[in-house]
Amino acid sequence: MFLKNGIQFKIKGLNQEKNLNILAKKFPIYDIVRVSKNCAVFKVNIMHAKKIRKALIDLNYEIIEEKKLGAISMLLRVVNVYIISAFVISSILIFAQSPYIWQYEILGEENLSKTEVVSFIKDNFTKNKYKLNTKSVEGALYKEYEEISFVSVIVRGQTLIVNIKEKLLPEEIYGEFEPIISEYDGKVTGINLISGTMAVKTGDYIKAGDVLVYPYYDDAGTIKKVMANAEITMEIYHTSSITHFEDRIELVRTGRSSVNTEVLLFNLPIYSNIYEMDYKLYETETNEQNLINNNILPLKLKRTTYYELEEVKIHETFEEAKDRLLKEAREKALINAGDCDIIVDEYYTVEPFETYTVLNYCIVEEIKVGTYED
Amino acid sequence: MFNFFGEVKKHTNLKVDEFHIINISNKLLYVEGHKGLVILSSELVAFKVKNGRIEVEGRGLYLKELTENTLKISGDIKRVECF
């Protein structure tokens with residue numbers, strides 16, 4: 001009975017047995033339960049419901065409750081409830097959403113990013129299509145993106161359609177889509193990506209030749225070429241090292257010197273004044289100067305000075321020489337640094353060995369890589 | 001003379017003159033050939049049969065089905081008595 005379609009009646013009246021007999025002669029009755037003396041509940045087939053209702057009224061019965069039963073009835077009831085609620089909710093949503101733009105369609109973009117254009121419109125303009133001025137959107141897009149030569153914006157339904165015509169720019173403007181490559185070994189300390197795809201992240205240690213920014217981006221699954229453009233700050237390290245021996249032999253000038261003079265014509269000696277000398281160790285300094293100012297007769301005076309040297313044994317501890325060594329090491333590191341932008345940090349390390357000490361000096365420089373606007 | 005159509009008519013309009021009662025495990029009582037319900041309550045169901053009356057006593061009794069000739073009584077049946 002439950003699976004079949006039926007109707008349950010709850011009736012109130014007298015002589016129920018007699019009248020049930022009368023009804024049963026015409027229609028089968030199911031699940032008859034006597035609730036109280038005057039009240040009974042029974043089920044009938046839905047096909048006979050109308051006639052039974054009429055018969056009950058004729059027999060002066062009061063129908064207290066009438067309930068539809070069966071799987072199909074229940075299904076229809078549930079479906080009805082869902083259909084009605086879905087209809088009501090969708091009507092409310094359609095009514096609420098109708099003044100708003102829910103979809104953005106960008107057409108004709110090649111080098112521009114679709115998501116970038118959409119986010120620009122979303123950030124700067126209202127979603128209410130009645131308040132949105134499409135002319136101002138066109139103007140703003142034209143101003144914002146240099147690549148755009150023509151743009152039209154229309155609203156159709158809940159969709160904002162942007163039609164873009166890009167300028168035909170020569171490839172050299174885009175630098176033929178070269179990646180940004182690091183020229184130095186160092187550590188990445190800051191990244192501001194403008195266009196392209198980052199190959200590194202803040203805190204990465206990189207080598208010279210490593211790619212920092214790739215010249216493409218992923219636009220919803222489509223790889224698009226674009227000029228690699230980013231502002232990247234890096235720390236690079238300039239090092240120098242000096243080895244200090246506590247006992248060493250240095251060559252020192254004794255103070256004795258002798259000068260040999262030669263006169264040269266076309267670099268051939270035509271006069272020489274050479275002294276014999278008995279220096280065991282010496283060093284020379286040579287000085288050349290023109291004797292005549294014109295070039296007709298290129299006479300030159302070559303003067304060679306010989307300085308006598310002697311070996312001196314020096315004993316100097318590292319602590320005594322530390323300040324001097326630090327200065328020397330720093331100068332050496334600065335020579336390695338070349339044109340230094342910003343010195344962030346400097347430090348040194350000392351490595352003592354049995355007979356000598358090594359002093360390492362490091363200058364940490366911060367440099368800007370990529371396309372910084374000066 | 002043998003009346004064929006009369007015989008068929010007699011057979012098709014055949015009323016159940018007798019009654020049959022089948023009791024299934026004191027849970028369901030099936031009755032064929034009843035002549036009408038007399039008393040219906042959760043403790044007692046009584047109905048007429050040819051030449052008498054039958055009373056069914058029990059607990060939680062109700063009529064599972066009631067037609068012109070048949071009825072099914074369901075519930076916890078304690079006693080069935082014929083008068």
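Would you be able to say whether some residue in segment A:327-341 is over 30 Å from residue A:244 (Cα atoms), more than 60 Å from the chain's Cα centre (by Cα) and outside any helix (DSSP H, G or I)? Checked against the condition, which is being over 30 Å from residue A:244 (Cα atoms), more than 60 Å from the chain's Cα centre (by Cα) and outside any helix (DSSP H, G or I), segment A:327-341 yields no hits at all.
Considering the conditions (1) at negative phi; (2) more than 12 Å from chain B (Cβ to nearest Cβ); (3) exposed (fewer than 15 other Cβ atoms within 10 Å of the Cβ), residue A:60 is excluded by exactly one of them, (1).
The listed residues are A:69, A:141, and the only one of them that is more than 14 Å from every other protein chain (Cβ to nearest Cβ), of a type outside the set (Phe, Trp, Tyr) and farther than 30 Å from residue A:226 by Cα turns out to be A:69.
One residue stands out in segment A:44-72 among those that are β-branched (Val, Ile, Thr) and assigned to a helix (DSSP H, G or I): the one that is farthest from the chain's Cα centre (by Cα), namely A:57.
Among the criteria (1) surrounded by 14 or more Cβ atoms within 10 Å (Cβ to Cβ); (2) closer than 30 Å to residue A:102 by Cβ; (3) among the hydroxyl-bearing types (Ser, Thr, Tyr), the one residue A:184 does not fulfil is (2).
In summary, strands (runs of 3 or more DSSP E) completely within segment A:209-259 and bearing 3 or more residues that are in contact (Cβ under 8 Å) with a residue 24 or more places away in the chain occur at A:211-214, A:216-219, A:229-245. Does residue A:184 count as touching a residue at least 60 places away in the same chain (Cβ under 8 Å) and not in a strand (DSSP E or B)? Considered against the rule, which asks whether it is touching a residue at least 60 places away in the same chain (Cβ under 8 Å) and not in a strand (DSSP E or B), residue A:184 comes out as yes.
So for segment A:274-285 (the condition being at pLDDT below 90 and assigned to a strand (DSSP E or B)), does at least one residue qualify? Checked segment A:274-285: no residue is at pLDDT below 90 and assigned to a strand (DSSP E or B). Scanning segment A:105-158 for residues that are polar (S, T, N, Q), at pLDDT 85 or above and assigned to a loop (DSSP other than H, G, I, E, B), we see that the one that is farthest from residue A:196 (Cα to Cα) is A:133. Taking the numbered list (1) more than 17 Å from residue A:33 (Cβ to Cβ); (2) free of Cβ contacts under 8 Å to residues at least 40 places away in the same chain; (3) loosely packed, with under 14 Cβ neighbours inside 10 Å in turn, residue B:60 passes all entries but (1). From the list B:81, B:57, exactly one residue is acidic (Asp, Glu), in contact with a Leu (Cβ under 9 Å, 6 or more places away or on another chain) and farther than 20 Å from residue A:27 by Cα. Which is it? Residue meeting the stated conditions: B:57. Name every residue in segment A:291-319 that is exposed (fewer than 12 other Cβ atoms within 10 Å of the Cβ) and not in a loop (DSSP other than H, G, I, E, B), in order of residue number. Once the filter is applied, which keeps residues that are exposed (fewer than 12 other Cβ atoms within 10 Å of the Cβ) and not in a loop (DSSP other than H, G, I, E, B), segment A:291-319 yields A:311, A:312, A:313, A:315, A:319. Restricting attention to segment A:34-51, the residues being within 13 Å of chain B (Cβ to nearest Cβ) and surrounded by fewer than 20 Cβ atoms within 10 Å (Cβ to Cβ) number 8.
The values are calculated or read from the model by the stated rules, or taken from the named source; none is laboratory data. Source: prediction; values computed, not measured. Ideal geometry is used to build each Cβ from the backbone, glycine not excepted, and the neighbour counts take in all protein chains shown.
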